[in-house]
Structure formats: C-alpha cells, structure tokens
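Every number in this text was worked out from the coordinates using simple rules, so none of it is lab data. This structure is a prediction, so every number in the text was calculated from the model and none was measured. Don't worry about glycine lacking a Cβ; one is built from the backbone with ideal geometry, like all the others, and counts go over all protein chains shown.
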C-alpha cells in the first residue's frame, strides 16, 4: 500500500468547504486501504474534528439568528429564551464539577459526541425539507442549514475514526436508537415556524456540546489534570 496515498486520504478528515476551509472527509472503509490503518496522529485528527465542530456551531448560531430576525417576533424570541426551555434532547448531561470532569472517561466523551451527532441527523434533514417549503426563506439560510446537515454526516464519520484510533472499537452502538428521532422538543405553541425555530435553537446548544467534548479530549492528550469544560 502506498504510504503517501494513506496519508492523503487521512489528512482529508473533517475539513469543511466553507470560509476558506476545503477538503473531504475520510473514508477508512476505502478498499484501497487493503487493511492499512490511518497513520495520522490522534492529536491531528482531534484538531481537525475540533475545527469542524467549531464551524458547525458557528453556522448553527448564524442560522438561528437569521431565522429569528426573519420570522420570530421579538416578544416570542425573548420568551423562548433561545430554545433553552423547549429542548428535550438532553441525551447527554454536561459534567458540572472538576471532579466529574476528571472522572469521566475518553470512551464516555466519544460515545456522547456520537449520540449527539447521530441524534441530529434526521431532525436537520427534516428542518431542511421544512425550510425548502417556505415562500420567503432567504437563500443564505437555506445554504447554512444544508451545510450543517452535510457536515454533520462528515463529523459522524470522523468520530468513528477517532473511536477506532483511541479505543480500538470499529463501531459505536446507541441504546434505544429507535426512539431518538422522536425526542426533539416542540415548543408549547405548535405553529410550524416556532417548531423550526426550536429545532435550530436546540441544535445550536448540542453543537456547542460536541465542540466542548472534543476540546476536552484534545486537552487530555497533553495534560489531563488541567483540563476543564469551563
């Protein structure tokens, strides 16, 4: 197997195609690998995953803000509190103390990121379909939500690669997988627009969790005692 070929495929993981970042996601199932393993370091893989997660979070923030400006009256957006009270996708609890942070394992962090990524794939696809039906949705909003949906799939692939590298596990299994797609919270008012606003707001929160957990994993590669989520 050509070592340069392996490196070129590995180095593509989690590069985005927005704001100056270009590249493709890694496919370690490529038959050209013929059993070879990616030679890029865990640290570099984490760096690329973090860059990807940061962009997803930033795009989710921009999309939610744009949607709010276009469709949500000020009184309602203030009452919603950025979706904080309507989100029921709390599949992963963020540790609240330094002791908890020190006690959680790398496996817990990787599995938590995987759960969040997997959870949001279908809701984001549904959101895209919903926004496509709007008569006056700006093209920039449609582009942002479509980008998030695509790049979340790339991040999912990257988490699988990280899991294989860090834990020697080829796959990640979810408990109660069949129920995940039904757990996106709907706001008290059932109107179509408010539902989409809640989805964007809740995804923004969970995108920040993904970014935070990846940064904690990266910190642990150097000095685990000094790592914090805050």
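Computed quantities for the displayed model
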quantity: Packing-based order for 202-210, 51-59, 129-137, using average beta carbon neighbours within 10 Å, highest first; calculated: 202-210, 51-59, 129-137
quantity: Estimated distance in nm for a label pair at residue 65 and residue 136, the labels positioned 7 Å out from Cα along Cα-to-Cβ; calculated: 2.2 nm
quantity: Burial ordering of 147, 120, fewest other beta-carbon atoms within 10 Å first; calculated: 147, 120
quantity: Gain in span if fully extended, residue 51 to residue 192, counting 0.36 nm per residue against the direct Cα distance; calculated: 47.5 nm
quantity: Size descriptor, Kirkwood hydrodynamic radius, that averages inverse alpha-carbon separations across the stretch 103-161, Å; calculated: 12.7 Å
